[in-house]
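Bear in mind that the values in this text are calculations on the coordinates, not laboratory data. From a predicted model like this one, the values you see are computed outputs, not experimental measurements. For neighbour counting, all protein chains shown are included, and Cβ atoms are generated from backbone atoms with ideal geometry for every residue, glycine included.
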Amino acid sequence: MAVVEYKDVSRIYPGSEIPAVNTLNLTVASGELLVLVGPSGSGKSTALRMLAGLEPANEGSIHIDGADVTDFEPQQRDIAMVFQNYALYPQMTVAGNMGFALKQRKVPKAEREAKVLEAARILDLEPYLDRKPKNLSGGQRQRVAMGRAIVREPKVFLMDEPLSNLDAKLRVQTRAELADLQARLGVTTVYVTHDQVEAMTMGHRVAVLKDGFLQQVDAPKELYHRPANRFVAGFIGSPAMNLIPTDRIDGKVTFGSFQVPLDAQTEKALASQPGVAFTVGIRPEHLQLVTSGIPGEVKLLEELGSESYIHVQVQHEDRDQILVVRTDGDATVSRGSTVNVGFNGPVHLFGEDGLRIE
Amino acid sequence: MVEQQRIEPADNGTSGKGGGRARKSSFLSEAWKRRLPLLPAFLIVVVLTQVPFLMSIYFSLTRWRANTAEPREFIGVDNYIDLVSNSFFWSAAWNSILMTVVSVGLSLLFGTGLALLLDRKFFGQGFARTLIITPFLVMPVVAGLVWKNQMLNSSFGVINWFIEGLGMEPISFASRYPLWTIVVVLVWQWTPFMMLIILAGLQGQSSSVLEAAKVDGANGVSTFFQITLPHLRSYLELGALLGVIYLSQVYDHIRVITRGTGSANLPYFVYLRSIGGGWQFGAASAYSIVVVIFSFIIANFGLRVLSGLLTDEGA
Ligand SMILES: Nc1ncnc2c1ncn2[C@@H]1O[C@H](COP(=O)(O)OP(=O)(O)OP(=O)(O)O)[C@@H](O)[C@H]1O
Ligand SMILES: [Mg+2]
């Protein structure tokens with residue numbers, strides 16, 4: 001159980017001008033599962049590797065349990081890491097892999113074996129203890145990598161896309177098992193993924209990174225309902241939120257001939273905004289097909305059985321604009337037909353600087 | 001593949017027996033169409049490699065002295081019996097083993113050390129690698145001459161210049177320690193080769209495995225012995241194998257540095273018995289057959305190591 005703190009941490013790789021991680025401030029509570037999410041190259045792995053001690057921090061400091069570990073070697077940090085490619089020791093058996101860290105700490109053999117056996121039981125790895133990693137399936141290797149981390153009973157678990165090498169179905173299953181295991185063990189965990197669904201389903205809180213900058217840290221629900229900026233709004237949620245560039249006309253935000261419905265709070269905040277260019281954000285589930293609304297043509301249908309996504313092309317400020325509308329069950333319209341789109345839920349408004357207005 | 005196997009029985013059922021047989025015979029001729037053009041090359045290889053070997057076997061069963069007028073005479077296994085009762089043969093065999101094992105062992109050891117040093121990034125890395133590889137590129141005869149004269153000569157060699165500088169008597173290495181002098185030169189030449197193989201092994205090691213070991217609390221020494229060395233095992237075996245194959249056949253160095261005094265190995269012994277002055281081609285053939293058998297055993301063992309290297313790292 002440990003608190004992890006990043007304080008103004010930056011990392012500039014040699015030969016590069018732009019920091020891969022830029023003045024990161026982040027606190028992970030004891031026992032929390034914090035997910036770092038962001039597009040490729042956003043600095044997630046770099047942030048995690050700095051916490052592991054595999055990458056130095058050029059600025060700022062990192063604290064584990066109140067102790068400044070910025071200049072500590074990985075060996076001194078009492079953290080366990082699960083790598084994307086698992087990084088199992090190829091010449092050792094599963095038991096050897098799992099017991100390696102304990103062996104380095106000179107834990108007596110009997111105790112070591114007991115701990116390995118216990119972890120193997122938790123992870124259903126008992127039949128494979130004498131096998132070499134190359135004779136295991138991808139899912140089993142992933143569990144060995146997990147086992148190697150949990151026998152250590154470290155202060156912090158670090159995981160860098162541990163599920164990305166599994167097939168889609170196994171990933172969903174393992175995702176739930178992993179979250180459950182973390183909750184049972186209660187070990188502070190920093191989990192890196194580029195998959196926002198993984199982030200939303202697993203994270204107690206989710207930190208969104210882009211270009212080395214932290215965009216927002218919040219509980220999944222908050223991220224979904226109150227994205228702090230345009231990037232988070234577009235990144236979280238599947239399919240992505242409709243983001244529509246809009247100008248303010250006569251103090252109102254309009255959409256075609258419709259006035260966008262805004263709540264009183266947003267209306268008030270909007271009045272103090274100097275700019276005229278805004279972005280209106282609305283999730284596909286908060287749009288619906290209505291009898292009278294914004295007219296448009298159906299360009300594409302995505303039918304998943306339980307729900308359908310209808311891509312409707314509408315006219316907005318003399319431009320073509322695609323709106324994605326989510327409906328339950330099968331779509332009742334066909335490609336090329338004309339439909340009307342109406343609002344059915346909260347609308348997000350982002351200013352010229354991309355920040356949320358409310 | 002699977003798709004094909006599933007379809008074939010159904011296909012046979014509909015097209016009947018005749019179709020199946022026709023396909024089989026056309027398959028055979030198809031294979032021979034591909035083999036036929038290779039046949040001349042194959043025959044040449046057989047003639048060039050196997051015929052001399054068979055002839056050697058025959059010669060080894062004869063008494064044949066090239067420097068006398070005596071005709072060649074079939075004597076059965078007498079040459080082989082002479083061989084095992086000849087103390088010079090046994091000393092040559094022992095020299096061969098000693099020279100090979102010690103040179104291979106030392107060059108592997110030094111090669112691994114150098115590879116570990118060169119595996120990290122530093123300024124002038126490429127230049128240093130090139131310099132270290134050079135000895136391997138030197139011709140064996142030249143290497144022998146350079147060491148015999150420039151380095152080890154008792155009156156003007158570099159090493160004796162140092163020894164004299166320290167106030168000691170110069171040492172005539174080649175005559176006092178003939179075998180070890182050869183070993184030093186062989187190690188000097190073969191260390192770069194071993195280094196190249198080990199370096200390839202080190203660079204093939206996954207960096208995240210090393211990082212995992214770091215995170216797991218292993219220090220440099222235990223990482224080396226528990227993770228890097230097991231990983232290098234097959235590379236070390238490969239280096240040892242190739243080293244043994246080449247170094248058990250060393251001739252040039254011995255010829256140039258000691259002319260066999262106190263350091264003749266089996267190939268040199270064969271040379272001495274045949275064109276080197278003995279002119280006993282029958283006996284020399286018998287020795288070379290023995291050498292071939294030894295090499296065959298080593299090569300067989302080696303192929304197993306090689307195939308192990310190719311299949312071992314599937315993970
Ligand atoms: N060793 C390195 N040397 C130089 N630049 C690097 C190095 N590693 C990463 N970078 C750069 O730093 C930035 C962040 O990389 P990082 O690996 O942290 O991204 P990421 O968010 O983990 O991406 P992904 O989802 O693709 O793994 C990238 O622009 C990358 O090019
Ligand atoms: Mg990454």
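When the charge dipole of chain A is built from unit charges on Cβ atoms (+1 for Lys and Arg, -1 for Asp and Glu) and taken about the Cα centre, the candidate among A:Ala110, A:Gly60, A:Gln140 whose Cα reaches farthest toward its positive end is A:Ala110. Can you run the Rg to Rh ratio on the range A:239-357? Use alpha carbon positions and the Kirkwood inverse-distance Rh. Answer for the range A:239-357: 0.99. When +1 charges are put on Lys and Arg Cβ atoms and -1 charges on Asp and Glu Cβ atoms, the dipole computed for the range A:239-357 relative to its Cα centre reaches about 160 debye. Partner lysines whose Cα lies under 26 Å from the Cα of A:Lys103, excluding those fewer than 8 positions away in the same chain, are identified as A:Lys115, A:Lys132, A:Lys134, A:Lys155, B:Lys214. The magnitude of the dipole of the protein assembly as shown, with charges of +1 and -1 set on the Cβ of Lys/Arg and Asp/Glu and taken from the Cα centre, is near 2800 debye.
In the range B:153-212, what chymotrypsin sites (Phe, Trp or Tyr not before Pro) fall in a loop by DSSP, with at most 15 other Cβ atoms inside 10 Å? Answer by residue number: B:Phe156. Measuring gaps between exposed loop sites in chain A (trypsin sites (Lys or Arg not before Pro); DSSP loop; at most 14 other Cβ atoms within 10 Å), the longest gap, sites not included, is A:107-334. For the protein assembly as shown, the residue among A:Gln315, A:Leu355, B:Gly105 whose Cα projects farthest onto the positive side of the dipole built from Cβ charges is B:Gly105. Listing B:Phe123, A:Phe258 from fewest to most neighbouring C-beta atoms within 10 Å gives B:Phe123, A:Phe258.
Here the label points at B:Met55 and B:Leu36, each 7 Å from Cα along the C-beta direction, are separated by 3.2 nm in the simple model.
Evaluate 2.2 N^0.38 Å with N set to the residue count of the protein assembly as shown, then give the Cα radius of gyration divided by it.
1.45
Eigenvalues of the alpha-carbon gyration tensor of chain A, scaled by 5 and square-rooted, set the equivalent ellipsoid semi-axes at 46, 25, 15 angstrom, largest first.
Do the sum for chain A: with -39,500 (n - 2.57) for every DSSP H run of n ≥ 4, divided by all residues, what is the mean residue ellipticity at 222 nm, to the nearest 500 deg cm²/dmol?
That comes out to -7500 deg cm²/dmol.
Peptide A:144-152 is shielded by partner chain Cβ atoms: per residue, an average of 1 of them sit within 10 Å of its Cβ. Computed 3J(HN,Hα) for the range B:161-167, one whole-Hz value per residue from the Karplus formula 6.51 cos²θ - 1.76 cosθ + 1.60 where θ = phi - 60°, is 4, 5, 4, 5, x, 7, x, glycine and proline marked x.
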